[in-house]
Amino acid sequence: MANAKYCGLTISEYIRRAALDKIIAPRTDTEAIAHLMKFGGLQKKIIGDLRLDLTANADVSKLISATNQIYEKIIYAIKDISGAPK
């Protein structure tokens, strides 16, 4: 069962919890969250550095826009993995 695997449970444990109306929450991968947060911080630093040094250049403005979009996706992924409100 994909749901059991997603929650980090054996199939029998998943069925047991479902039958007893217990909360079945997916396991949060804290290591993945930590890596995403570190990557997000680096991405934010790059954006800041680009803004300070090269904002007058049109090509760089496109790069800044693209990196902003990547940063937003990283933040969304962190919130999605951790179950935080989006």
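Below is a table of values for the structure above.
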| quantity | calculated |
| --- | --- |
| In sequence order, calculated HN-Hα J values of segment 33-39 (Karplus, 6.51, -1.76, 1.60; Hz; x Gly/Pro) | 4, 4, 5, 5, 5, 5, 5 |
| Residue order, fewest to most surrounding Cβ atoms within 10 angstrom, among Thr10, Thr67 | Thr10, Thr67 |
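Bear in mind that the values in this text are calculations on the coordinates, not laboratory data. Just so it is clear, the model here is predicted, and its values are computed rather than measured. Backbone-built Cβ (ideal geometry, glycine too); neighbour counts: all protein chains shown.
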